[in-house]
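All of the numbers you see were taken from the coordinates with simple rules; none came from a lab. Because the structure is predicted, anything quoted here is derived from the model rather than measured. Every residue, glycine among them, receives a Cβ derived from its backbone with ideal geometry; neighbour counts consider all protein chains shown.
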Amino acid sequence: GNFISMLYKYFNLAEFLILPLLSLYSYLFFRRSGYNYAEFFIVNTYASAQRQLVYLLFIFLIYLFPGSSDLISNISILVLSAVFIRFYTDLFKNERIWLIIFKTSIVLVLFYLSILLILAGIFLVYH
């Protein structure tokens, strides 16, 4: 319960801190796209802003339905992942869709693991 509440409290900060690493993951998995690291950083910053808007909706839902926070949290991860995948399929529409989804899924797993590691570190240091 305590880690989960901290997860939601610092999710935006963790996502902001992880943008350089997310951009590196994107660059490594989508090297052939022609984008360089700096361009991926800008693209991922824009995509992050989209995810933050969706994230606000889920925070509002958790506030309205605190008894369903676990369910809402799980749904939010799926929806935020779908938003990310949709963003990348639009960005790389000239590639095969299954390949984009596969690569983006790997980037997402690395992204979420990185966020969890950062938040676990924050949790261990401050709690």
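The figures follow:
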{"read-out": "Separation of alpha-carbon centers, the stretch 67-88 and the stretch 41-59, rounded to whole Å", "value": "12 Å"}
{"read-out": "Cα-based convex hull, the stretch 40-111, per residue volume (Å³, whole number)", "value": "83 Å³"}
{"read-out": "Structure-based [θ]222 nm, the chain - -39500 (n - 2.57) summed over DSSP H runs of at least 4, per residue, nearest 500", "value": "-30500 deg cm²/dmol"}
{"read-out": "Rough spin-label spacing in nm, given labels placed 7 Å along Cα→Cβ, for Gln52 and Leu116", "value": "2.5 nm"}
{"read-out": "In nm, spacing of pseudo-spin labels at Ser68 and Leu17 (7 Å Cα→C-beta vector)", "value": "3.2 nm"}
{"read-out": "Spin-label zone in the stretch 68-95 - amide nitrogen under 11 Å from a point set 7 Å from the Cα of Arg32 along the C-beta vector", "value": "95"}
{"read-out": "Value of D in µm² per second that Stokes-Einstein yields for the chain, Kirkwood Rh from Cα pairs, at 4 °C (1.567 mPa s)", "value": "84 µm²/s"}
